[in-house]
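Each reported figure results from applying straightforward, stated rules to the coordinates on display, with no laboratory input. Because the structure is a prediction, the values reported are computed rather than measured. A quick note on method: Cβ atoms are made from the backbone with ideal geometry, for glycine too, and the neighbour counts reach across all protein chains shown.
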Amino acid sequence: MNRESRLGDPIELVNARLVRAPILRLWGHVVVPVQGDFRDDEAETLCASILQHVEQHGARSLIVDISGIWLVDSHFCSVIVRIARGARLMGAPTVLSGLSPEIASTIETMGLELDIERTALNLEEALEWVGIGATGTSAADPLVALGRFFEMTSVPAQERERHE
């Protein structure tokens with residue numbers, strides 16, 4: 001019996017490929033740790049799945065962690081940008097975490113503009129930025145998290161002050 005027939009429906013096969021990028025919900029936020037490399041068609045499927053998840057679950061923010069990616073090409077970068085823009089249009093600012101020095105250098109060399117609200121060194125920093133942090137850290141304070149959220153979404157200073 002081959003792999004496709006064990007999985008049954010072709011949709012299950014697509015979802016099996018997305019195991020390298022599980023879409024997780026954490027306290028109203030969507031977190032996607034991306035691992036391995038993706039063919040162009042897989043990257044497009046990932047984009048559609050993430051945006052569908054953001055819409056269906058009303059995500060407050062989206063974190064895409066690419067610490068498990070070894071290399072990026074211009075197509076994958078454009079997919080990440082489309083994910084971030086789409087999520088922002090649905091009210092979920094995006095944090096991109098886990099850029100290795102090599103990937104950051106590649107993106108810079110390609111002259112690509114990622115157009116992401118925020119980058120973070122690692123997933124922990126990204127989680128803290130959206131207000132999910134260990135007890136006792138400033139990220140656990142809802143007012144600090146609210147302030148960071150307003151910074152991410154570029155709300156004018158006078159509007160931010162009304163909420164502080």
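Taking only the Cα atoms of region 3-121, the radius of gyration and Dmax are 14.2, 44 Å.
Our coupling estimate for region 59-72, obtained by passing each phi through the Karplus curve with A = 6.51, B = -1.76, C = 1.60 and θ = phi - 60°, is 4, 7, 7, 10, 10, 10, 9, 10, 5, x, 9, 8, 8, 10 Hz, Gly and Pro reported as x.
When peptides 92-98, 120-126, 70-76, 80-86 are sorted by average Cβ neighbour count within 10 Å, with the highest value leading, the order is 92-98, 80-86, 120-126, 70-76. Label separation (SER67 vs LEU26): 1.0 nm, computed from points 7 Å beyond Cα along the C-beta direction. Note that region 120-131 has calculated 3J(HN,Hα) couplings of 9, 5, 8, 5, 4, 5, 5, 4, 5, 4, 8, x Hz, one per residue in order, obtained from phi through the Karplus relation 6.51 cos²θ - 1.76 cosθ + 1.60 (θ = phi - 60°); glycine and proline are x.
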